[in-house]
Each structure stands twice: as structure tokens, then as C-alpha cells.
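Engineer: Take this structure, written in C-alpha cells, and hold onto it; I'll ask about it next.
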Amino acid sequence: MSDHSSLRTPSQRIAWTATLIVSTLVFIFLIAPILAIMPLSFSSGSYLTYPLPGLSLRWYDDFINSPRWMNSLKNSMIIGIASTLLSMVLGTLAALGLAQWKSRFKPLVLAFVLSPVVVPGVITAVGLYFFFAPIGLTGSYVGLILAHTALATPFVVITVGATLQSFDTNLARAAASLGASPIYAFRRVILPLILPGLASGALFAFATSFDEVVIVLFMAGPEQRTLPREMFSGIRENISPTITAAAVILTTVSIILLATLEALRRRNERLKGGGA
Amino acid sequence: MTVTSPTGADVSTEVPLKRRLRRAERTRQVKALALVAPLLVFLLFTFAGPITGMLWRAVDDREVRQVLPHTIAALADWNGKDLPDEKAYAALASDIQAARAAGTIAIAAKRLNYALNGFRTILTSTSRNLKAMPQAGTAKETLGKINPAWRERSTWTTIKDAGGPVTGFYLLAALDLTRNADGAVVAAPPDQAIYREVFTRTFVISLSVTILCLILGFPVAYLLATLPPVRSNLLMIFVLLPFWTSLLVRTCAWIVLLQSKGVVNDSLLWLGIIDAPLRLIYNRFGVCVAMTHVLLPFMILPLYSSMKAISPAYMRAATSLGAPPLTAFLRIYLPQTLPGIGAGSLLVFILALGYYITPALVGGAADQMISYFIALYTTETANWGLASALGAVLLLATLLLALVYGRLVQGQQVTGGMKN
């Protein structure tokens, strides 16, 4: 039985009940807005309010038939996938290097590598805006991909680094002593073991790029507008139910990412549990 | 591989072995560094470089120097007490002639107008009316006739101060300070002194959101840490799903809920609790609610992991020794959650400081935080010096807090490791 069932005094029971009530309210606060917006996207009316006059898919139809929205979805995908791939290469190499590197400068280098997460988005965006404009990288896919890679790579370094920390380096040594070349050992021994970590890193990287809007706001031309950027304009101008359809699409992507991540975590825990 | 005989330490073979090991280790380190290098170079180009560039713009002041080079040179040995001599006036006249031909007057006028309101008119009217280069020795008289401002000392100190190549002007302006004609740092005129208020507002909003997150997050983290894993894992979805949902979606959701014909107002009207819709959004309330919603997971997760590490045995020991539940909680449990409270609060506060999107979408004009002004001066008014200076102040505050956060989290890891 769980710990709280053995509560003895009435005051403890009251405190526990209060915790339960407050927590339930907070859970409602956290989840209700996201749930409330979803049914509105299936409304047949154009007012964002309940009760719904009827159900329809007209706003999804609107989304699919709007070149603006579809182009933004395509842009989000292109920029998200490209910056994920780039940050995976850079981040994995760096995590491998950092795991072996011993130096008193290591905390400093690590802080530098992770700093894009901490620095406010506007500062990074303004800096990039000044820096990329003279070399023609504003209003281009390349500029946005580079910028999003810089933001996403810290997450790859963290997740892959955490996986490497639990990785038994003796396995790599064993492979080497049995005559495997470093590349062969990486491909056949190290890679399969750190693959779940890499996958989590990739998901984090993609989510970072897919959700990013401040840098896009500063750097994207009309051609490169992403889905969050289009939502930003939509909210500014007037909230049409098409935005709620876009919101549902974005949330679905988030849920898929979260579910995949959770599945990877469970698998990892199971493997660890089996080993112990 | 060298095999040393097990019978004794042979000095002649042992030293090279040591050296070889050291060399192997060094090669390993070089290889490790080579793996990190691509990312470091990449971040130099896409992150550190751009931010350094922005910081440089906060002190860079070469516009006036480029447009009026001779004037700046002539003013170099001016004492600043009386009006400058004829040489400076002649230099200004020739600079203005050249700048008009090159079409660069506006660049200098814009920069000088930041320092002295109305300078744009002085410069453009002078440029328009100065038909030809005044005769030798009459430049002072001619310019004074075109615009009496050239007979004022402050006009000239403004040019000298803006002569660059570097300036503290923008950084001072970001703190509502300026230099007077004598070069002393004084408070900026009230119509320009808005940034201290903006910084205070940014601080107050961030602090309110942090406190709200702590109040709402603490019971949830406690519940999640106390419940058996099967149930807490399930409830964790309520924290992680919002965490993974797009910021734009969540902001949009709050607008839909809180607007005057939104879900909340409609329900309250229907229930008869209110007679007219409440103003719940495009004000401070809306900003705090939406930001608390976005940042709450960043509070819950560190709190949860610090509470998870507290052994229930401590509380049992305290109660068995006769401590009333409240005392046991305040004296035994709460102190152990302090590192988690510190980490979570700092994280939320740091993230809140730089918020831009949420206040921009759900706040009114009086709720815009510092990031809004940085964005405004970058893209709308192109006052890049001021945008960069405000950015520098925000960056400094963020990095200092991040440093404290790093220390705190590192300390936790160390003690956590010792406990286990």
C-alpha cells in the first residue's frame, strides 16, 4: 500500500486532502486550455465559443486549401528536419568528444555549448538578424536552418551525453581488443546501444525547431514562414477557427513526439532493469 | 605492446612506457577535442559571433564620424567650454557639402537626433540653405545665420559626443541616463526615461509568475513524488503534455478562453455570477495567467526530482520523536526541498525575463516586457544601438542568474551523489 494511506492524525488527513484538491485544480488549469481549444476546430460556426452550433470539418478544409497554411506546414517540416539532422551530427560528435575529454576547461566549454538554451530568444534573434543580413542569410532557408540548429544542438548534447554516461566504455575497449576498427566498433557496438538516446535527442531537436517562432519572426521572409509564425500573425490579426485547426495539428505532432519519447524511456528503463 | 617483466622495476623500460601512455592519452584528448570542435566552430558562427556583434553595436558609434569626418577631427582639441573656432565651422560646412552630394546627411541626422531632439531639422535645414562653401573666415557667421543653433554650445557638444568611435550613449540611455553638455552623467529627460520602468515591469511580472508557479507547483510536485509510481507516471502526462504543446497553441488557447466573448466569460454569464463580461485578457492578469501556464512545468519538474530524493524515513523519524506534523513538515521536509525550490524558481525566473511572444499576444501596451522593446527598436524604428544596449542589459541579468543556477544545480548533483 502507498505511503499516504497510513496517515494517522486528522490534521495529516486534512493536509493530504488539501494537496489532492489543489493538485486537481492545477491539473485542470494545465490541461483544460489545450482540451478546450480542440473541439472548437470542429465547429460548423465561425465563432470561437460554446455550445457548438454543429460539427464540421470546414476549418480543416480551409487549412488544407489555403496555400498560406500549407506552405507554412511544409516550411516547418523542411526547417525542422534539416536542423534536426544537422544538430544530430554536430551534437553527437560533441557529446562523444566531451565524454572523453578531460580538462579543467570542460565546464566552461559545456556552459558555452548549452548557452543557446538560456539566452533569451529575442537576443539570439537580434544578433542573428544583424549578423546574417549583410551575408544574405536573412530571408533564406539556410539562415533559419543554421539558427534553429544552434538552438536545438544543446538538447542533443544533453540527451546523447546522458546516454553515454551510462554507457559501459569497457564494451568499446573489448571491441577494440578483438580487432574492431574504431569506425566498425562505433557502428556495431556503440551505435546500437546509444540509439535510443540519439532518437530522444532527435525528437527534442525537432520539437525545438518546430515550436520556435522568435527567430523566424526576425529572419524569415514571406516565403519561409513556418506554422507557428503563421499562427502568430493569425492571432494578431483575428482569431479565425482555422487557427484552432492549425493548433490541433501542432498539438497532434507534439503528442506523437511525446508518446515516442515516453516509449523510448520505458524501453530504456526496461533494458536497464533487465541488466540489473 | 610492451610487457614489463613482473620480477622487478626496470627503469630503462618503465620510463618510455610512462611516456608512451602519456602520449596515448594526449592523442586521445586531441581526438576528443577534434570531435567537439565542429560544434564549437558552428556555434561561434551562429551564436557567439552574432551576440558579440550585437554587444558591439551597443557601443559602436561611427555614423557621425563617417558623415562628418573633418568636423570630428576639428573638434578633437576643442575645450568644450566656449563655442568652437572658425576652423570647426569651416570643417562642418565642407562636411555638409560633401554629405549632401553623397546623400548621407540623414545617417548623421538620425544619430544626432537621438542625442538632441530637433537635431535632424538643424542639420537638414543647414544642408538645404548652405548653397556654396562660405568664403574663408566667414563660416561661423554664415552657419549661425542659417540656423542659430550653431551659436549654441550644446549643438557642438552633441556632435563631439557622437564622434565615436565608441560610446556609452546607448548603454546610458538603456538605464535612463544621459550626459549633459558638461559631460556629467545625469538623469535622462522624462520623455525618454522609460526603460527603468520597463525593467522594473519585467522584473515584477517575472517575479509574480515565479511565485505563482511555486504556489501552484509545490503541491503538485509533492503529490507526484508521494504517489506510487504507477499513478504518478499517469498524472505526469498532465504536466508533460502542456510542456510539449506549442507555445503558440497555448497562448492561442488562453485568448480563446479569456476573451470578452470567450469560454470563461460565457460560462460565468450563463451561471449568473457576473452581469457583464470581465476584462480577462490584454492586461496584466492575462499575461500572468498565460505565462504561469507556460512556465509551470519548469517549476514542477525540478521540484519533483528534489522531493523524490527525500527519504520518507526522515518524516517518520521526526513524527516518531514527537514532532507535530506541521513542525515536521516545516523543519524537516521543507528545508530539504529548498535546493529544488531554488532551482525551479531560478529557472522559471530566467525564462520569464526574456519572454516576448506571450506578452506581445495577450498583454496590453502597459504589459510589454523588455524583449518587446528590443524587438521594436530592431525591426520597426531601426534604432539598433538602443536595441543592442537594452539587449546587453537583459543578457547580463540572464547570464548572472544562469551562473547562480549552474552553481546551485551542480551543488545538488554533488550532494546527491554523496547521499546515494
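Every number in this text was worked out from the coordinates using simple rules, so none of it is lab data. Just so it is clear, the model here is predicted, and its values are computed rather than measured. Please note: Cβ atoms are built from the backbone with ideal geometry, for glycine as well, and neighbour counts cover all protein chains shown.
Engineer: What does the helix-only formula give at 222 nm for chain B: each DSSP H stretch with n ≥ 4 adding -39500 (n - 2.57), the total divided by the residues, and the result rounded to the nearest 500 deg cm²/dmol? Don't skip to the end; give the middle numbers.
Structural biologist: On the way: 21 runs with 293 residues, N = 420.
Calculated from helices alone, the mean residue ellipticity at 222 nm is -22500 deg cm²/dmol.
Engineer: Based on DSSP H runs of at least 4 residues, each adding -39500 (n - 2.57), what is the mean residue ellipticity at 222 nm of chain A after dividing by all its residues, to the nearest 500 deg cm²/dmol?
Structural biologist: Details: 12 runs with 209 residues, N = 276.
Value at 222 nm, helices only, nearest 500: -25500 deg cm²/dmol.
Engineer: Could you tell me which of B:59, B:216, B:172 has its Cα farthest along the dipole of chain B towards the positive end, charges placed at Cβ (Lys, Arg +1; Asp, Glu -1), taken about the Cα centre?
Structural biologist: Sorting the options by dipole projection puts first B:216.
Engineer: Would you work out the charge dipole size for the protein assembly as shown about its Cα centre, treating the Cβ of every Lys and Arg as +1 and the Cβ of every Asp and Glu as -1, and quote it to the nearest 20 debye?
Structural biologist: 1860
Engineer: Rounded if a/c is under 1.5, else prolate if a/b beats b/c, else oblate: with a ≥ b ≥ c from the C-alpha gyration tensor eigenvalues square-rooted, which is region A:1-131? Before the final figure, lay out each step's value.
Structural biologist: Details: a/c = 2.79, a/b = 1.09, b/c = 2.57.
In terms of gyration-tensor shape, oblate.
Engineer: Go ahead and set up a Gaussian network model of chain A, Cα springs under 10 Å, then flag whichever of A:165, A:12, A:224 fluctuates most.
Structural biologist: Among A:165, A:12, A:224, the largest GNM mean-square fluctuation belongs to A:12.
Engineer: Can you find, among B:206, B:45, B:366, the residue sitting farthest towards the positive end of the charge dipole of chain B, where Lys and Arg contribute +1 and Asp and Glu -1 at Cβ?
Structural biologist: Checking the options against the dipole of chain B, the answer is B:45.
Engineer: Sequence-distant or interchain residues sharing an amide H contact under 5 Å with residue A:140, placed H: which?
Structural biologist: Residues meeting the amide H criterion: A:221.
Engineer: Considering the Cα trace of region B:93-164, what is its radius of gyration and what is Dmax, both in angstroms?
Structural biologist: 11.6, 32
Engineer: What spacing in nm lies between the two simple spin-label points modelled at residue B:313 and residue A:74, each 7 Å away from Cα in the Cβ direction?
Structural biologist: 6.3
Engineer: Let me ask something else. Normalised by the number of residues in region B:151-194, what is the relative contact order in percent for Cα pairs under 8 Å and 6+ residues apart? Mind showing how you got there, number by number?
Structural biologist: Values: 28 pairs, mean separation 12.7, N = 44.
This gives 29 percent for region B:151-194.
Engineer: Still on this structure, I have one more. Compute the Cα gyration tensor for chain A, then decide on rounded, prolate or oblate, letting a ≥ b ≥ c be the square roots of its eigenvalues: rounded whenever a/c is under 1.5, prolate when a/b is larger than b/c in the other cases, and oblate in all that remain. Provide the component values of the computation, followed by the final result.
Structural biologist: On the way: a/c = 2.02, a/b = 1.18, b/c = 1.71.
It comes out oblate by the Cα gyration axes.
Engineer: Near residue B:106, within a Cβ-to-Cβ distance under 13 Å, what is the net charge of the other residues, with Lys and Arg +1 and Asp and Glu -1? Please report the intermediate quantities before stating the final value.
Structural biologist: Working: positive: B:100, B:110, B:111, B:120, B:128; negative: B:63.
Around residue B:106, the charge tally is +4.
Engineer: Could you pull out every residue, at least 5 positions away or on a different chain, whose amide H is within less than 5 Å of the one on residue B:177? Hs are placed 1.01 Å off N in the peptide plane, and Pro or chain starts have none.
Structural biologist: HN-HN under 5 Å from residue B:177: B:188.
Engineer: Next question. Could you list B:241, B:39 so that the one with the fewest beta carbons within 10 Å of its beta carbon is first and the one with the most is last?
Structural biologist: Values: B:241 18, B:39 28.
Going from least to most buried by this count: B:241, B:39.
Engineer: For each of B:87, B:131, A:106, count neighbouring Cβ atoms within 10 Å of the residue's Cβ, then give the residues from fewest to most. Spell out each step's value before the answer.
Structural biologist: Details: B:87 17, B:131 9, A:106 13.
By the 10 Å Cβ count, ascending, the order reads B:131, A:106, B:87.
Engineer: So, one more: What does the charge count near residue B:198 come to, summing +1 for each Lys or Arg and -1 for each Asp or Glu among other residues with Cβ under 12 Å from its Cβ?
Structural biologist: Details: positive: B:196, B:201; negative: B:176, B:197, B:367.
With Lys, Arg at +1 and Asp, Glu at -1, the net is -1.
Engineer: Any idea how far the Cα center of region B:172-210 sits from the one of region B:28-45, in Å?
Structural biologist: 41
Engineer: Now for a separate question. Please identify, among A:260, A:19, A:149, the residue showing maximal mean-square fluctuation in a Gaussian network model of chain A using a 10 angstrom Cα cutoff.
Structural biologist: Judging by the Gaussian network model, the answer is A:19.
Engineer: Using the Cα atoms as the points, what is the convex hull volume per residue of region A:180-276 in Å³? All intermediate terms of the calculation are to be shown ahead of the outcome.
Structural biologist: Numbers: hull volume 13.4 nm³, N = 97.
So the per-residue Cα hull volume is 138 Å³.
Engineer: Would you please state the base-10 log of I(q)/I(0) at q = 0.15 1/Å for region B:108-253, with intensities from the Debye formula using one equal scatterer on every alpha carbon?
Structural biologist: -0.90
Engineer: Moving to a separate point now. Need one number: convex hull volume per residue for the protein assembly as shown, Cα atoms only, in Å³.
Structural biologist: Once divided by residue count, the hull of the protein assembly as shown is 254 Å³.
Engineer: So how do B:166, B:264, B:287 line up by other beta-carbon neighbours within 10 Å, fewest first? The partial results should precede the final answer.
Structural biologist: Details: B:166 11, B:264 17, B:287 26.
Arranged by neighbour count, lowest to highest, B:166, B:264, B:287 become B:166, B:264, B:287.
Engineer: Given an 8 Å cut-off on Cα distances and at least 6 residues of separation, report the relative contact order of region A:153-270 as a percent. Display every interim value, and only then the final one.
Structural biologist: Values: 60 pairs, mean separation 31.2, N = 118.
Relative contact order comes out at 26 percent.
Engineer: Past the 23 angstrom mark, what percentage of all C-alpha to C-alpha distances in region B:37-155 do you count? All intermediate terms of the calculation are to be shown ahead of the outcome.
Structural biologist: Numbers: 2652 of 7021 pairs.
Result: 38 percent of Cα pairs exceed 23 Å.
Engineer: On to the next question. For residue A:43, enumerate residues with amide H under 5 Å from its amide H, sequence gap 5+ or separate chain, H modeled in the peptide plane.
Structural biologist: Correct list: A:56.
Engineer: Still on this structure, I have one more. Distances longer than 21 Å among the Cα atoms of region A:91-174: what percent of all pairs is that?
Structural biologist: Values: 1510 of 3486 pairs.
Result for the distance tail: 43 percent.
Engineer: Moving to a separate point now. Net charge within 12 Å of residue B:129 by Cβ-Cβ distance, Lys/Arg positive one each and Asp/Glu negative one each, not counting residue B:129 itself?
Structural biologist: Numbers: positive: B:100, B:128, B:131, B:145; negative: none.
Neighbourhood net charge equals +4.
Engineer: Please say if chain B is rounded, prolate or oblate, where rounded means a/c under 1.5 for a ≥ b ≥ c the square roots of the C-alpha gyration tensor eigenvalues, and otherwise the choice is prolate for a/b larger than b/c and oblate otherwise?
Structural biologist: Working: a/c = 3.01, a/b = 1.48, b/c = 2.04.
The shape class here is oblate.
Engineer: In percent, how large is the relative contact order of chain B, given Cα pairs closer than 8 Å and 6 or more residues apart?
Structural biologist: Details: 445 pairs, mean separation 67.7, N = 420.
The value is 16 percent.
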